[in-house]
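Report on one structure; see the data block that follows.
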Amino acid sequence: MATIRGKPVALVTGGGSGIGRATAVRFAELGYSCVVADINEPSAKETLRMLQTPGIAVHVDVTMATSVEAMVTTAVQHFGRIDCAFNSAGVEPIDERIVNTPEEEFDRVMGVNSKGVWLCLKYEIAQMLQQEPVMSDPGRWADKPDVCRFRGVRGSIVNASSIAGLGPVTGTNASYCAAKFAVLGLTHTAAAEYANEGIRVNAVCPALTATPLMDRFLEKAPPGTEEKIGSMYPVGRVAAPEEVAEAVCWLCSDACPFTTGEHLKIAGGI
Ligand SMILES: NC(=O)c1ccc[n+]([C@@H]2O[C@H](COP(=O)([O-])OP(=O)(O)OC[C@H]3O[C@@H](n4cnc5c(N)ncnc54)[C@H](O)[C@@H]3O)[C@@H](O)[C@H]2O)c1
């Protein structure tokens, strides 16, 4: 039977902005201690000031193994374990088709959005494998002893993919699509590899979401692009980052111990 844990610990990469920031804020509202990690340390510290619970801001470049390993080490030094991780760090691509995309641009987008997720999985899972299985609310599953067993709850990870990880999106560069497809491959494989050791791995696939990333994209697009894209979604608008955050926190929580290897499309009905 799993033991009860104290305040759970969530690590969020890309936590200094957009979806990562909204998720750190939501984790804190739900009582998690947060590790807010970002290549932009001042923005990570700004997120920290928005949190209701104690947390730390950590500098990380998710493209570098030493940096990702150090992030995990720092998190564990402060909080003793990592119950949940949301790998949200990402960069948008340039607006070019394949023929006009420089090789370095492909490497940059794949480096952060794909290799970065692989490195985070590598070090987060290595840490989670060392942790005692715990549950925040064993009473929730008291009549289902199998759920509370060793297997369910060493850790839970969510990766940021995109609707661009499910198929080509008009106007979205192929390197970004390739990186987000890769995130799903990593998610499904990692989930299968570690399901029997109490670690769950899922992904979210948001449609266009109102974050600084979207603002930078819209700066280069014709006026009215946000409304035009939003009107293509049945709900008639783009997503708010808080709506993605809510889904991430649910996937990370003990509410869904059997949900692993899943990718959740958050796309207003498309
Ligand atoms: N906003 C959208 O429309 C949308 C839609 C689908 C998927 N996504 C994905 O969601 C994730 C978050 O996007 P967002 O909209 O919040 O973007 P954002 O630009 O607002 O935030 C991304 C954060 O990642 C950080 N970052 C960039 N490179 C990094 C690196 N090498 N190491 C560590 N941190 C790094 C940035 O500093 C920034 O704080 C990304 O993976 C993005 O591809 C976004």
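The values are calculated or read from the model by the stated rules, or taken from the named source; none is laboratory data. The structure presented is a predicted model; accordingly, all values stated were derived computationally and were not measured. Glycine also receives a Cβ, built like all others from the backbone with ideal geometry; neighbour counts cover every protein chain displayed. SASA here: full protein model, heavy atoms, side chains in, ligands and nucleic acids out. Shrake-Rupley method; radii C 1.70, N 1.55, O 1.52, S 1.80 Å.
Odds and ends about this structure:
- Region 85-103, residues that are part of a loop (DSSP other than H, G, I, E, B) and either over 10 Å from the mean Cα position of the chain (by Cα) or more than 9 Å from the ligand (Cβ to nearest atom) (or both): Val91, Glu92, Pro93, Ile94, Asp95, Glu96, Arg97, Thr101, Pro102
- The criterion of at least 3 residues that are of a type in the set (Lys, Arg), at positive phi and touching a residue at least 60 places away in the same chain (Cβ under 8 Å) is met by none of the helices (runs of 4 or more DSSP H) wholly inside region 192-268.
- Which listed residue is of a type in the set (Asp, Glu) and farther than 21 Å from Thr172 by Cα, from Glu92, Glu69: Glu69
- The selection criterion, being within 17 Å of Met128 (Cβ to Cβ), crowded, with 24+ Cβ neighbours inside 10 Å and of a type in the set (Gly, Ala, Ser), holds for Ala85.
- Of residues in region 239-270 being closer than 17 Å to Phe27 by Cβ and of a type outside the set (A, V, I, L, M, F, W, C), the one surrounded by the most Cβ atoms within 10 Å (Cβ to Cβ): Pro241
- Identity of the residue in region 18-73, away from the ligand (no atom under 14 Å from the Cβ) and assigned to a helix (DSSP H, G or I), that ends up surrounded by the most Cβ atoms within 10 Å (Cβ to Cβ): Phe27
- Scanning region 187-224 for residues that are open to solvent by 40 Å² or more (accessible area, probe 1.4 Å), over 19 Å from Gly18 (Cα atoms) and of a type in the set (A, V, I, L, M) returns Ala192, Ala195.
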